[in-house]
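Asker: First the structure, which I've put down as structure tokens, then a few questions once you've had a look.
The values are calculated or read from the model by the stated rules, or taken from the named source; none is laboratory data. Just so it is clear, the structure is predicted and the values come from calculations on it, not from any experiment. In this analysis, Cβ positions are derived from the backbone assuming ideal geometry, glycine residues included, and neighbour counts consider all displayed protein chains. In case anyone asks, the SASA skips ligands and DNA or RNA and just uses the protein heavy atoms, side chains included. Shrake-Rupley method; radii C 1.70, N 1.55, O 1.52, S 1.80 Å.
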Amino acid sequence: MDEVPGSLGTSASFSLRLGQTLFASASLLFMSLGVDFYSYTAFCYLVTIMSLVIPWSLTLALVDGYSVLVKCPVRQPGILLIVVFGDWVLSILTLAAACSTVSVVDLLLHFNGSYCPPKLCRRYQISAAMAFLSWFMSLASSLFNLWLLPSL
């Protein structure tokens, strides 16, 4: 059976997982630097979702790293199905969190600028951008694994 680049247990998947972890961590960091993030539900939602994405992606990065080192990719359909389902759920939640964060920041910036100082809003915008990048990598990883699933 041919190996699908980006599927679980490959070096491309390892890179995608590290990227997800890096961007989710950056998003969480930039959001947490603002002490007022807990004042808005969308910001709290982003922090919660990024706090779920980081351990999920880090765990799967460890699985990918181990699989690459021992040269034995994961091919069990049950495990792959759990990974695809988890990726889809977290991907949708990440997209929702990033979109809601961007919309709240845009509203705060355009509402006479009195609710959000520009420096703080820039941090929130960077946090949302990092969440979008994490979502993109999660979606790509999920699609690669979904592509491999029918061939098992």
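Asker: Among the residues of the stretch 28-39, is any of a type in the set (D, E, K, R) and closer than 16 Å to Met137 by Cβ?
Answerer: Let us first name the residues in the stretch 28-39 that are of a type in the set (D, E, K, R), namely 36.
From what is left, the residues that are closer than 16 Å to Met137 by Cβ are none.
For the stretch 28-39, residues of a type in the set (D, E, K, R) and closer than 16 Å to Met137 by Cβ: absent.
Asker: With the requirement that a residue be hydrophobic (A, V, I, L, M, F, W, C), open to solvent by 10 Å² or more (accessible area, probe 1.4 Å) and in a loop (DSSP other than H, G, I, E, B), what does the stretch 87-144 give you? Before the answer, list the steps.
Answerer: So the first thing to find is which residues in the stretch 87-144 are hydrophobic (A, V, I, L, M, F, W, C), and the list is 88-90, 92-93, 95-99, 102, 104-105, 107-109, 111, 116, 120-121, 126, 128-133, 135-137, 139-140, 143-144.
Checking which are open to solvent by 10 Å² or more (accessible area, probe 1.4 Å) leaves us with 88-90, 92-93, 95-96, 99, 102, 104, 107-109, 111, 120, 126, 129-130, 132-133, 135-137, 139-140, 143-144.
Scanning the stretch 87-144 gives a single hit, Phe111.
Asker: On the given criteria, is Pro73 out of contact with any His (no Cβ under 7 Å at 6 or more places or on another chain) and assigned to a loop (DSSP other than H, G, I, E, B)? First the steps, then the outcome.
Answerer: Details: out of contact with any His (no Cβ under 7 Å at 6 or more places or on another chain): yes; assigned to a loop (DSSP other than H, G, I, E, B): yes.
Judged against the criteria, Pro73 is a match.
Asker: Shifting gears a bit: Are there any pairs, at least 6 apart or on different chains, whose C-beta atoms fall under 6 Å, with the first in the stretch 9-34 and on the phi > 0 side of the Ramachandran plot and the second outside any helix (DSSP H, G or I) and open to solvent by 10 Å² or more (accessible area, probe 1.4 Å), and if so, which?
Answerer: These pairs meet every condition: Gly9/Pro73; Gly9/Val74.
Asker: For the stretch 51-75, what are the residues that are in contact (Cβ under 8 Å) with a residue 60 or more places away in the chain and surrounded by fewer than 16 Cβ atoms within 10 Å (Cβ to Cβ)?
Answerer: Correct list: Cys72 only.
Asker: Here's another thing I want to ask about it. Within the stretch 60-75, identify whether any single residue is more than 13 Å from Ala128 (Cα to Cα), among the β-branched types (Val, Ile, Thr) and out of contact with any helix residue (DSSP H, G or I) (no Cβ under 9 Å at 6 or more places or on another chain), and answer yes or no.
Answerer: Residues of the stretch 60-75 more than 13 Å from Ala128 (Cα to Cα): 60-75.
Keeping just the survivors that are among the β-branched types (Val, Ile, Thr) gives 63, 68, 70, 74.
Add one more test, that the residue is out of contact with any helix residue (DSSP H, G or I) (no Cβ under 9 Å at 6 or more places or on another chain), and what stays is 70.
Scanning the stretch 60-75 turns up at least one residue that is more than 13 Å from Ala128 (Cα to Cα), among the β-branched types (Val, Ile, Thr) and out of contact with any helix residue (DSSP H, G or I) (no Cβ under 9 Å at 6 or more places or on another chain).
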